[in-house]
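The values are calculated or read from the model by the stated rules, or taken from the named source; none is laboratory data. Since the structure is predicted, the reported quantities are computational estimates derived from the model, not experimental observations. So basically every Cβ, Gly included, is an ideal-geometry build from the backbone, and we count neighbours across all protein chains shown.
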Amino acid sequence: MKGGLQTEKVRKRYSRIAGLYDLIEAPMERAFAGRRQELLAGVAGRVLEVGVGTGKNLTYYPAETEVTAIDFSPKMLERAGRKIEREGLSNVELREMDAQQLDFCDNSFDTIVSTCVFCSVPLPVQGLRELRRVLKPEGRMLMIEHVRSKKLLAGPLMDLINPLPLYLYGANINRHTLENLRTAGFTRIEEENLWGDIVKRIVARP
Ligand SMILES: C[S@@+](CC[C@H](N)C(=O)[O-])C[C@H]1O[C@@H](n2cnc3c(N)ncnc32)[C@H](O)[C@@H]1O
């Protein structure tokens, strides 16, 4: 597993909170569920969802898409599996896999989706490089991610309190995801602020 001990730690933390995840996230979900739906409305073809968690996005994919959804936490995947059964979704396949080391060929997917994932991938640039590798050259990466604020007070404050969410459930609140996308080789990047300059909708192309 890439990222060694740190990856193992984050994986265990997500497994530890899997049963409570939807409850903890409920207030955020009320604000952002509509954004998930908007993000996925026009998705087509073969889709990879990274860090599927409990499967909050799964009902929003158009029925004709073929979705492979991965997560490195088996407990989160169990939750997503139950959702698939409950909702009778026949277009989604779940796989346990680390985003930093994907078991897919180059240029396999038309669309890649990540929502609130790159706060916790231990080696984010490595993960994004892998996604770029498996994304078709004309494909799109669709993201809703929270990032470190560029504001004078908010940014340093986020750095200061980052160890707490990192310890509790493996998420960093001060990631530089747009810069990481560029470092990983995505060149055409559009961003839209959804909440201050912290929560962003991002569309990135190789
Ligand atoms: C904050 S949750 C978000 C879940 C879901 N995408 C959502 O929007 O509710 C982050 C998820 O990413 C997964 N994750 C983090 N790093 C990962 C990695 N390197 N490979 C695969 N999954 C990862 C975690 O296990 C967790 O389920």
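Quick notes on this structure:
- Of residues in segment 9-35 being outside any helix (DSSP H, G or I) and more than 9 Å from the ligand (Cβ to nearest atom), the one surrounded by the most Cβ atoms within 10 Å (Cβ to Cβ): GLY19
- Condition check for LEU89: surrounded by fewer than 20 Cβ atoms within 10 Å (Cβ to Cβ), modelled with pLDDT of 95 or more and either in contact with a Leu (Cβ under 6 Å, 6 or more places away or on another chain) or aliphatic (A, V, I, L, M) (or both): yes
- Segment 36-79, residues that are among the small types (Gly, Ala, Ser) and either surrounded by fewer than 15 Cβ atoms within 10 Å (Cβ to Cβ) or more than 22 Å from ARG201 (Cβ to Cβ) (or both): ALA41, GLY42, ALA44, GLY45, ALA63, SER73
- Taking the numbered list (1) within 14 Å of the ligand (Cβ to nearest atom); (2) part of a loop (DSSP other than H, G, I, E, B) in turn, GLY185 passes all entries but (1).
- Number of the exception - GLY170 against (1) within 16 Å of the ligand (Cβ to nearest atom); (2) within 18 Å of ASP197 (Cβ to Cβ): (2)
- Single unsatisfied condition, ALA204 versus (1) out of contact with any strand residue (DSSP E or B) (no Cβ under 9 Å at 6 or more places or on another chain); (2) surrounded by 22 or more Cβ atoms within 10 Å (Cβ to Cβ): (1)
- In segment 116-124, the condition of being of a type outside the set (D, E, K, R) and away from the ligand (no atom under 15 Å from the Cβ) is met by no residue.
- Positions within segment 36-60 being touching a residue at least 24 places away in the same chain (Cβ under 8 Å) and part of a loop (DSSP other than H, G, I, E, B), in sequence order: VAL43, ALA44, GLY45, GLY51, VAL52, GLY53, THR54, GLY55, LYS56, ASN57
- Every test in (1) in a strand (DSSP E or B); (2) of a type in the set (Asp, Glu); (3) over 18 Å from the mean Cα position of the chain (by Cα) is passed by ASP106 save one, and that test is (1).
- Matching residues in segment 118-140 - criterion: being among the β-branched types (Val, Ile, Thr) and crowded, with 23+ Cβ neighbours inside 10 Å: VAL121
- Matching residues, segment 140-165, being in a helix (DSSP H, G or I) and either touching a helix residue (DSSP H, G or I) at 6+ places or on another chain (Cβ under 8 Å) or among the hydrophobic types (A, V, I, L, M, F, W, C) (or both): ALA154, LEU157, MET158, LEU160, ILE161, LEU164
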